[in-house]
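The values are calculated or read from the model by the stated rules, or taken from the named source; none is laboratory data. Here the structure is a predicted model, which is why all the values come from computation and not from measurement. Methodologically, a virtual Cβ is constructed for each residue, glycine included, from the backbone with ideal geometry; neighbour enumeration extends over all protein chains shown. SASA here: full protein model, heavy atoms, side chains in, ligands and nucleic acids out. Shrake-Rupley method; radii C 1.70, N 1.55, O 1.52, S 1.80 Å.
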Amino acid sequence: MTNIPRRYRRQVAAAGAIGALALGASVALPAADAMAATGCQVTYTTSSWTGGFTAAITIKNLGDAVNGWTLGFSFPDAGQRVGQGWSASYQQNGSAVTAQNVSWNGTLATGASTSIGFNGTFTGGNPNPTAFTLNGTVCTGSTTPSTPPPTTPPPPATPPPTTPPPTTPPPTGTTPVAINGQLRVCGANLCNQYGKPIQLRGMSTHGIQWFPHCYNDASLDALARDWNADLFRIAMYVQEDGYETDPTGFTNRVNTLVEEATERGMYALIDFHTLTPGDPTFNLERAKTFFAAVSARHAAKNNVIYEIANEPNGVSWSTIKNYAEQVIPVIRANDPDAVVIVGTRAWSSLGVSEGGNATEVINNPVNAGNVMYAFHFYAASHKDNYRAELERAAARLPMFVTEFGTVDYTGDGGADLASSATWLDLLDRLKISYANWTYSDKAEGSAAFRPGTCNGNTYAGTSVLTESGTFMRNRIRTPDTFPTS
Ligand code: IDC
């Protein structure tokens, strides 16, 4: 049908909706196929005369760069015909039209536009098409079709409705969850209930087996209302005296903390904190049991995000992917629309800490929708080359910084505030969500509270904070700008 390169044709078949990056389980794709984030906006305007019209079409690429494109649309009236066209080659089959790039306008960078057009004829009515596809993906960027000048006098104008019925009603509360609702992955972003990219900023617990006394009404009130955090990550270690020693007890503790976050309008990130051993497969059966339980319990909530393997290490990406493709269906069976985050190779460094890079994930993404990938860093240890790889990956993959420290990779030592600020500026710019390690009073540099804080009742304000805690509170408590339309 077209001369689009093979890999785009596969994308046409695979990508269901705008920005679909990960594939539905039913679509079999060759493992090495890179999926580009897609998206488009089309403006179609006409001017007409008796029996004829000129159409001017602007195509804007909202996804990854494309090299070769085909625009598809259908005429609403069977009598409409494409005549002489320009800047594209047109084909019409019944009312279905395709316009394919010509040699000089096939490459469209992200955000780039191109204009094409044609003269047409019509015999019946001449309404404009309103739905378009680009390389098979439905364009959901807003369009501004103009109606052609009427050939008969227009009917009397009806007054505009006073309150247009929005598909998603405006928020009724002011908490992060009240505003953003159920989240979903769109393209390489995390989007809210209005389909708009957002960034969540928050804190991670320390191991809940060691610091249970740090998570109580007063500390969570401070996190929600003094820090204005959007996100509370619940780090449930599996080894190191964690889940494996008491599955029921730890499941209950996680459930309780999810409820606490929910009461305060924060997103809860359930972290299955695997670390040693680094092969997540070691904990596969535990993960299935745990996630079946917590996803059943929280299925009706709209604020729960699942992180299925904290930091795989010493294993291949294909092993991690295989683990993910066994755990995700367990969650989806109970909670089909929840976002799931998959750890990446080498302590969730996208492979960088073991000499790799993001290409292995880009070329072989997890075969499930609504999935994001974890990236972790410790600002005093991980700098420009890690930042560059995250930025490169984030153009293609939905990334979530589920854990980072202001200190070195041991979790201790002094805070590197310069590197931390550079990192957070990058995450803000790319709208990458993050959780800081840790909201605890452990005597180590990464802890936000001074030692002994969790024995008292004061968590709000700065008097209880470490250098890292003061810095993080300042970053997190600045107002969010969540789009609501
Ligand atoms: C560290 C804690 C430390 C604890 C250790 C136990 O800060 O108090 O003794 O775990 O394993 C990670 C891990 C996270 C580490 C953290 C700092 O996800 O568990 O916490 N870190 O070393 N990845 C990179 C750094």
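Worth a mention:
- Residues whose amide H comes within less than 5 Å of that of Gly52, counting only those at least five positions distant or on another chain, are Phe122 (H built at 1.01 Å from N in the peptide plane).
- Contour minus Cα-Cα distance for Ser318 and Ala443 (0.36 nm per residue): 41.3 nm
- For the stretch 406-438, there are no residues whose amide N sits under 20 Å from a probe point set 7 Å from the Cα of Thr484 along the beta carbon direction.
- When each full DSSP H helix of the chain is screened for a Cα extent of at least 18 Å along its own axis and an average Kyte-Doolittle hydropathy of at least -1.0, the helices passing are 247-263, 284-298, 317-334, 417-430.
- Computed helical MRE - 222 nm, the chain, DSSP H runs ≥ 4 contributing -39500 (n - 2.57), nearest 500: -7000 deg cm²/dmol
- Averaging the Cα positions of each part gives two centres, and for the stretch 244-289 and the stretch 415-485 these lie 22 Å apart.
- The chymotrypsin sites (Phe, Trp or Tyr not before Pro) of the stretch 236-339 include none that meets both criteria, a DSSP state outside H, G, I, E and B (loop) and at most 11 other C-beta atoms within 10 angstrom of the site's C-beta.
- Looking at the chain, the accessible area is 40 square angstrom per residue; that uses a 1.4 Å probe and ignores ligands, DNA and RNA.
- For the pair the stretch 348-384 / the stretch 70-133, the C-alpha centres are spaced 40 Å from each other.
- Solvent-accessible area, 1.4 Å probe, carbon plus sulfur percent, for the chain: 54
- Nearest-0.05 FRET efficiency for Phe282 and Thr172, computed from C-beta distance (R0 56 Å): 0.80
- Each Cα pair of the chain feeds into the Kirkwood radius, which the Stokes-Einstein equation turns, at 4 °C and 1.567 mPa s, into a diffusion coefficient of 53 µm²/s.
- When the C-alpha to C-alpha distance is required to be over 28 Å, the pairs from Lys60/Lys196; Lys196/Lys442; Lys301/Lys383; Lys196/Lys301; Lys288/Lys383 that qualify are Lys196/Lys442; Lys301/Lys383; Lys288/Lys383.
- Expressed to the nearest 5 percent, the antiparallel share of DSSP beta bridges inside the chain is 60 percent.
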